[in-house]
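Novice: Pasting a structure below so you can have a look.
The values are calculated or read from the model by the stated rules, or taken from the named source; none is laboratory data. Since we're looking at a predicted model, the values are computed, not measured. When we count neighbours, we look across all protein chains shown, and the Cβ atoms used for this are built from the backbone with ideal geometry, even at glycine.
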Amino acid sequence: MAEITDAAVVAMLRRIAERIEQEKDHLCELDSAVGDGDHGVSLTIGMRAVTRNLDELEAPSAAEAFRAAAEAFADEVGAAIGPIYEELLTAAAEVLERHDVAARDTWVMVFDAIASATQEVGGARPGDKTLVDAWVPAAAAMRREAGQGADLATCLVSASRAAWQGVADTKDLVPRLGRASRLGERARGHPDAGATSTSIMIEVMRDALTMAADSR
């Protein structure tokens, strides 16, 4: 049976960068309804830097790849999103340094670590209309499925569904943090751009890790 490898994780990060670039305009459009309108641009800048950092590494481990991605955001992206992504990518790297990259439970821990990091560095909680509203339910879905004995593919499918449901739920929320909070009730009816980009990333993770595990 095939297993997830370090190379597969590096390829996954590259694919995330590609998807974010493809969705840049859409993410900016979403952000313009309640924020500065630059979410897609900021993430694209970060993801381009991620790709450059990966290009400089020769056969990196999964942990090294995530650390390189964290450094890219630290160096290239300012405002709130840079530090948040630096921390969540670092949190993932720390899990991958200690655990088997091919194991289901490793990825459950990765999702948990990221969900915790996004709350710690940004101070957001579920219901604040941020990327936390996608990461927290996704991590919870991973834990729930794993606790019931599901394989990694099933866990990831549930995580992706939960993240997208989180995006849908943000439409009815009023933002409590950042510049978007100034809009108050006027922000209702619009999905959060950060939760949307998170769900796109989780979707890529789902497809990439499942394909790697199933490849022959």
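Novice: List every residue pair whose Cβ atoms lie under 9 Å apart, where the two residues are 6 or more positions apart in sequence or sit on different chains, the first residue falls within the stretch 147-161 and is under 17 Å from residue 135 (Cα atoms), and the second residue, located anywhere, is surrounded by fewer than 16 Cβ atoms within 10 Å (Cβ to Cβ) and at pLDDT below 95.
Specialist: Between residues of the stretch 147-161 that are under 17 Å from residue 135 (Cα atoms) and residues that are surrounded by fewer than 16 Cβ atoms within 10 Å (Cβ to Cβ) and at pLDDT below 95, there is no close pair.
Novice: For residue 193, are the conditions met, namely being among the small types (Gly, Ala, Ser), at pLDDT below 95 and within 17 Å of the chain's Cα centre (by Cα)? Please lay out each step first, then the result.
Specialist: Numbers: among the small types (Gly, Ala, Ser): yes; at pLDDT below 95: yes; within 17 Å of the chain's Cα centre (by Cα): yes.
The answer is yes for residue 193.
Novice: Could you tell me which of the residues 51, 118 is surrounded by fewer than 24 Cβ atoms within 10 Å (Cβ to Cβ) and under 19 Å from residue 205 (Cα atoms)? Even if it seems obvious, please write down each step before you answer.
Specialist: Details: 118 fails: surrounded by fewer than 24 Cβ atoms within 10 Å (Cβ to Cβ).
Residue meeting the stated conditions: 51.
Per-residue answers, yes or no, for (1) touching a residue at least 24 places away in the same chain (Cβ under 8 Å); (2) more than 25 Å from residue 145 (Cβ to Cβ); (3) assigned to a loop (DSSP other than H, G, I, E, B):
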position: 10; (1), (2), (3): yes, yes, no
position: 52; (1), (2), (3): no, yes, no
position: 66; (1), (2), (3): yes, no, no
position: 70; (1), (2), (3): no, yes, no
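Novice: Residue check: is residue 96 buried (at least 22 other Cβ atoms within 10 Å of the Cβ) and closer than 29 Å to residue 170 by Cα?
Specialist: Numbers: buried (at least 22 other Cβ atoms within 10 Å of the Cβ): yes; closer than 29 Å to residue 170 by Cα: no.
When the stated conditions are applied, residue 96 does not pass them.
Novice: Also: List every residue pair whose Cβ atoms sit under 9 Å apart, with the two residues 6 or more apart in sequence or on different chains, where the first one lies in the stretch 117-138 and is at positive phi and the second, anywhere, is among the hydrophobic types (A, V, I, L, M, F, W, C) and surrounded by fewer than 24 Cβ atoms within 10 Å (Cβ to Cβ).
Specialist: 123/177; 127/173; 129/173; 129/174; 129/177; 129/187
Novice: Out of the stretch 34-44, which residues are of a type outside the set (Gly, Ala, Ser) and surrounded by 19 or more Cβ atoms within 10 Å (Cβ to Cβ)?
Specialist: Step one: list which residues in the stretch 34-44 are of a type outside the set (Gly, Ala, Ser), which gives 34, 36, 38-39, 41, 43-44.
Scanning the stretch 34-44 gives 34, 39, 43, 44.
Novice: Also: Filter the stretch 22-33 down to the residues that are surrounded by fewer than 16 Cβ atoms within 10 Å (Cβ to Cβ) and modelled with pLDDT of 95 or more, then identify the one that is nearest to residue 65 (Cα to Cα). Before the answer, list the steps.
Specialist: The initial filter retains those residues of the stretch 22-33 that are surrounded by fewer than 16 Cβ atoms within 10 Å (Cβ to Cβ), namely 22, 25-26, 29, 32.
Retained after the next criterion (residues that are modelled with pLDDT of 95 or more): 22, 25-26.
On the way: 22: 22, 25: 27, 26: 27 Å.
Checked the stretch 22-33; the qualifying residue nearest to residue 65 (Cα to Cα) is 22.
Novice: Can you spot a residue in the stretch 4-11 that is under 23 Å from residue 207 (Cβ atoms), of a type in the set (Asp, Glu), surrounded by fewer than 23 Cβ atoms within 10 Å (Cβ to Cβ) and within 15 Å of the chain's Cα centre (by Cα)? Let's see the steps before the verdict.
Specialist: To start, the set of residues in the stretch 4-11 that are under 23 Å from residue 207 (Cβ atoms) comprises 4-11.
Cutting the leftovers down to of a type in the set (Asp, Glu) gives us 6.
Going one step further and asking which of them are surrounded by fewer than 23 Cβ atoms within 10 Å (Cβ to Cβ), we end up with 6.
Still in the running and within 15 Å of the chain's Cα centre (by Cα): none.
Within the stretch 4-11, not a single residue is under 23 Å from residue 207 (Cβ atoms), of a type in the set (Asp, Glu), surrounded by fewer than 23 Cβ atoms within 10 Å (Cβ to Cβ) and within 15 Å of the chain's Cα centre (by Cα).
Novice: Need a quick list: helices (runs of 4 or more DSSP H) entirely within the stretch 78-153 having at least 3 residues that are among the hydroxyl-bearing types (Ser, Thr, Tyr). Talk me through it step by step, then tell me what you get.
Specialist: Numbers: elements: 81-98, 104-122, 132-147.
Ranges flagged: 104-122.
Novice: For the stretch 124-183: of the residues being among the basic types (Lys, Arg) and at pLDDT below 95, which is nearest to residue 105 (Cα to Cα)? Walk me through it before giving the result.
Specialist: If we filter the stretch 124-183 for residues that are among the basic types (Lys, Arg), which is where we start, we get 125, 129, 143-144, 161, 171, 176, 179, 182.
This time we only want the ones that are at pLDDT below 95, so: 125, 129, 171, 176, 179, 182.
Values: 125: 24, 129: 28, 171: 32, 176: 33, 179: 37, 182: 40 Å.
Among them, the one singled out is 125.
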